[in-house]
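Enquirer: Handing you a structure now.
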Amino acid sequence: MIHITPPSTPFLSGAYTAMITPLRGDEVDIPALRQMTDFQIEQGISGLVPCGTTGESVTLTDREYDLVIATVIEAAGERVPVIAGTGTNDTRRTIEQTRRAEEAGATAALVVVPYYNKPTQEGMFRHFTAVADATDLPIVLYNVPGRTGVNMSAETTLRLAEHPNIVAVKEASGNLEQISEIVIGAPEGFAVLSGDDALTLPVLSVGGHGVISVTSNIAPRAVSELVELGLSGDFAAARTRHQHLFGLNRAMFFDNNPTAVKTAASMLGLCSAELRLPQVEMSAGNHARLGEAMTAFGLMSVQALAAD
């Protein structure tokens, strides 16, 4: 068995769930959201991230956004940190949403690289600095080139990591060389979190501190165990968990996020599969493939999920 000395533990580490937003008709399904919050915590998740991409944040109204954040914070009841997704492609609006999340009692804010307008590296630096200067809420950077159309470089991330209010990065570039550069160059206490479920173990192996996960919406205990094993330095056992999760992780992206994970959650009876346009339901073929992957993992009911 291989044991490696684990990295020092920063303020944010572990397995965090990028929560889906349950819908019922044209409204947020508050009872389902509360139940999902309780379920995640009971299954050992380290923290919750409402109103990110997986939470369909870009199609929520301001009222709905505030309601989702407040509901998760209240339901969590300080049992775990709540990192509110507050990023937009408008610096002023991002500051406004971050301040509202702070007033609601969030632990930290997840702020994505501005999408569509594709800022330069200097533009990203000034955007995140302006947000961090405008709030006392700790900021988690979010780099996801596949969604934003532009990559935030390791150099820019490390510049921002020097800001006392910027405490972590969710890295979904898929570039382990870039992620390694950030891990090596970051100041003590700055967390590097995987933004790709399939790369959680590789990120942990180069010194990362956890994951903000899509898969943990439906398998929180398994994802939490993987991260715990990696952080403890037991990479032989972590590899076994990684391999067990691999097919399920891939299945979460048989369709655009959050279509697959929301469909999976509905198959488990956690919430409705309803989405907001322009997201649409899974094709019959992908739905069947998703069911096969869940069956192979051993998840076809909430009861099975709780026993995993």
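The values are calculated or read from the model by the stated rules, or taken from the named source; none is laboratory data. Just so you know, these numbers come straight off a predicted model, no measurement behind them. Note that each Cβ is placed from the backbone with ideal geometry, even for glycine, and that neighbours are counted across all protein chains shown.
Enquirer: Which of (1) out of contact with any helix residue (DSSP H, G or I) (no Cβ under 7 Å at 6 or more places or on another chain); (2) over 24 Å from THR263 (Cα atoms); (3) at pLDDT 95 or above does THR88 not meet, given it meets every other one?
Expert: It fails just one condition, (1).
Enquirer: Another question, if that's okay. Kindly establish whether ALA32 is under 18 Å from the mean Cα position of the chain (by Cα) and either surrounded by fewer than 18 Cβ atoms within 10 Å (Cβ to Cβ) or not in a loop (DSSP other than H, G, I, E, B) (or both).
Expert: In short, no.
Enquirer: Something else: If you go through the stretch 234-245 one residue at a time, do you hit one that is among the basic types (Lys, Arg) and touching a strand residue (DSSP E or B) at 6+ places or on another chain (Cβ under 8 Å)?
Expert: For the stretch 234-245, residues among the basic types (Lys, Arg) and touching a strand residue (DSSP E or B) at 6+ places or on another chain (Cβ under 8 Å): absent.
Enquirer: Conditions: (1) farther than 28 Å from GLY298 by Cα; (2) surrounded by 24 or more Cβ atoms within 10 Å (Cβ to Cβ). GLU177 meets all but one. Number of the miss?
Expert: (2)
Enquirer: Sticking with this structure for a sec: Would you be able to tell me the number of residues in the stretch 61-103 that are surrounded by fewer than 18 Cβ atoms within 10 Å (Cβ to Cβ) and not in a helix (DSSP H, G or I)?
Expert: 6
Enquirer: Here's something else I'd like to know. Where the second residue is in a helix (DSSP H, G or I) and surrounded by fewer than 16 Cβ atoms within 10 Å (Cβ to Cβ) and the first is touching a residue at least 12 places away in the same chain (Cβ under 8 Å) and lies in the stretch 240-260, which pairs have Cβ atoms under 7 Å and are six or more apart or on separate chains?
Expert: GLY247/ALA296
Enquirer: Could you look through the stretch 184-238, keep only residues that are charged (D, E, K, R) and surrounded by fewer than 23 Cβ atoms within 10 Å (Cβ to Cβ), and pick out the one that is nearest to PHE297 (Cα to Cα)?
Expert: If we take residues in the stretch 184-238 being charged (D, E, K, R) and surrounded by fewer than 23 Cβ atoms within 10 Å (Cβ to Cβ), then ARG221 is nearest to PHE297 (Cα to Cα).
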